[in-house]
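Working notes, structure below.
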Amino acid sequence: MYVSVKKGFTLIELLVVIILLGIVTSLAVISVGTSGVERKMEEEAKRLHALIRLTREESIIQAKEIAFEVSKQDYQFLEYKEKKWVPVINKVFKKRSLPAELELRLETESELKLFEAENEEWRRLYFLSSGEQTPFKMKINVKNKAENYYQISGQFNGKLKIEHIDEYDY
């Protein structure tokens, strides 16, 4: 009696495996791409939260007035010297830009201007040596996706809060 033993895979079996690998790989690439931008958004929000907290502490400890100036893509720190605002020059409080796919929005609870801004595109938060600060809400989001964002809010007494908000999360 003659028994034939087949070794290996048929062409159809190989094609099915290759197609399945391609589908799984493409789904992984798509999900990593989306979470990559969201991860950047989370990192920037946490960085901003830490910098704002540090700014308040620095203002109190050094007994100086510090402003945090924000545009849609950039932010910088200023200190009040000789009756004008000048950029803070050090490694921690340097001028920074957001990644191109993110944007930043600042809303102050009262539009009271303590000092006149030289450039109206920039919005300012003020941190006073007394420990007081401008009440605010700051939102960082992916451009054209305003429903999913991180919000940093600050009260007059210096209390800060960071939260992730997804308006489509049921």
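Coordinate-derived values only; no laboratory data. Quick caveat, the model's predicted, so the values are computed rather than measured. With ideal geometry, Cβ positions are generated from the backbone for all residues, glycine too; neighbour counts draw on all protein chains shown.
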>> Below 9 angstrom from the Cβ of residue 106, what's the summed charge of the other residues (Lys, Arg +1; Asp, Glu -1)?
In response: +4
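Given a Förster distance of 41 Å, report the FRET efficiency between residue 101 and residue 11 from their Cβ-Cβ distance, rounded to the nearest 0.05.
That pair, residue 101 with residue 11, gives E of 0.40.
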>> Run the paramagnetic zone check for residue 91: 7 angstrom along Cα to Cβ, then residues of region 54-71 with backbone nitrogen under 18 Å.
In response: 54-55
> Using θ = phi - 60° and the Karplus curve 6.51 cos²θ - 1.76 cosθ + 1.60, what whole-Hz ³J(HN,Hα) does each residue of region 41-56 get, with Gly and Pro shown as x?
Replying inline: 4, 5, 4, 5, 5, 5, 5, 4, 4, 5, 5, 5, 4, 5, 4, 4
